[in-house]
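Below: one structure, written as structure tokens.
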Amino acid sequence: MRNDNHHSDHHDNQAAASKAAMMRALLLSPSLGFLMEAHNGLSARIVEDVGFSGIWASGFSISTALGVRDSNEVSAGEVLDTVAYMADATHIPIMVDGDTGYGNFNNARRFVRQLCRLGVAAVCIEDKLFPKTNSFLGECQPLADTDEFCGKITACKDSQTDDDFCVVARVEALVSGYSLGEALDRAEAYRRAGADAVFIHSKRKDGKEVLAFAKEWGRRCPLVITPTTYHRAVGVDSFERAGISTLIWANQNMRASMHAMREVCEEVFRNRRVSDVEQALVPVKEVFDFLDYDELDDASRRYLPAEPTRAPRRNAS
Ligand code: SPV
Ligand code: MG
């Protein structure tokens, strides 16, 4: 386990700028990069500690972890609060799932300004309607008007306060049952509107439409994918050969924690004791080490007086 010092004072404006530059480099690199999902400060730190070079702040996972649905039940402000913990806890760049931008171009650009203030590296906005619905629910979800969405992308780009901040345009045409041609036309329009990368989403199990898209796209700008449904059908090497820039593992940490919590909870409930589950748990000492409690002891020695201060004097009466 790494034991970096995670003071929030590491995250000054200089560090914020370099996180966006790191994300830009990841997107532009010719080799396949990976973003791993996180949904709070702890999961973000685990993603960094394991060695991933970037984080996907998943809307689905953040809302699930808060116990609500991925239907914009969590407000932009609540997402920003969560993302603030994640950004403060890590040094690697974060791409925030901005859903549809929480409204029109004006809501989206305000969200971008706030993300830049937090030192977030990138936002992904999708061409659907507010309130959004998770892509894996139902069929034929309505799409945003192409020109309206292009204006939203341009507004986001015009509002970023860090030159390297990346706006990723997510194309939902394939998920909504439209043609490859429609998806390509939209992606090209979004690229021309200023998008730094295109996220082509698909919910098919065979991954074929994503590979077909990548072939036609021909590396016009970086392509991002999330193989939640088609991870079995296509190996990551094939994505790399197809010219895909970045792969997002979008929700595995949230689903892993839900599974682990339920298993432990059920066993404790059933057996009326915790001894059976102890071996499946992280030791308390590991929690202290991971969150660097030692640093607080060192700081306390530096900043608190060694001896108790004398009692304050009163006015003589
Ligand atoms: C998310 O992780 O919230 C996403 C990706 O938007 S997906 O759930 O695949 O739509
Ligand atoms: Mg989402």
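Table for the structure above
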| item | result |
| --- | --- |
| Solvent-accessible area per residue for the chain (1.4 angstrom probe, square angstrom) | 53 Å² |
| Highest-first arrangement of 201-207, 168-174, where packing means the average Cβ count within 10 Å | 168-174, 201-207 |
| Straight-distance crosslink candidates among aspartates and glutamates, where the alpha carbon sits under 12 Å from LYS128 and sequence neighbours closer than 8 are dropped | ASP99, ASP145, GLU148, GLU172 |
| Between helix 208-217 and the chain: long-axis angle, C-alpha atoms, 0 to 90°, nearest 10 | 80 degrees |
| Helix-only [θ]222 nm of the chain, DSSP H runs n ≥ 4, -39500 (n - 2.57) each, per residue, nearest 500 | -13500 deg cm²/dmol |
| Overall Cα dimensions of the chain - principal axes, largest extent first, Å | 83, 54, 37 |
| Estimated dipole of the chain in Debye, rounded to 20 [Cβ of Lys and Arg +1, of Asp and Glu -1, Cα centre] | 240 debye |
| Rg [Å, one decimal], Dmax [Å, integer] - the stretch 259-303, C-alpha atoms | 15.8, 48 |
| Rg/Rh ratio calculated on Cα atoms of the stretch 182-282 (Kirkwood radius) | 1.24 |
| Helix axis angle, 293-303 relative to the chain longest principal axis, alpha carbon, degrees | 50 degrees |
| Accessible area of LEU304 in the full protein assembly, 1.4 Å probe (Å², nearest 10) | 110 Å² |
| Accessible-area order (highest first, 1.4 angstrom probe) of the listed residues LYS208, LYS19 | LYS208, LYS19 |
| Carbon + sulfur, % of accessible area of the chain - ligands and nucleic acids excluded, 1.4 Å | 53 percent |
| Degrees, to the nearest 10: 146-159 long Cα axis against longest axis of the chain | 40 degrees |
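The values are calculated or read from the model by the stated rules, or taken from the named source; none is laboratory data. Predicted model, so just to flag it, every value in this text is computed and none were measured. Neighbour counts are summed over all protein chains in view; Cβ atoms, including those assigned to glycine, are modelled from backbone coordinates with ideal geometry. Side chains are part of the model used for accessible areas, which takes the heavy atoms of the whole protein and leaves out ligands, DNA and RNA. Shrake-Rupley method; radii C 1.70, N 1.55, O 1.52, S 1.80 Å.
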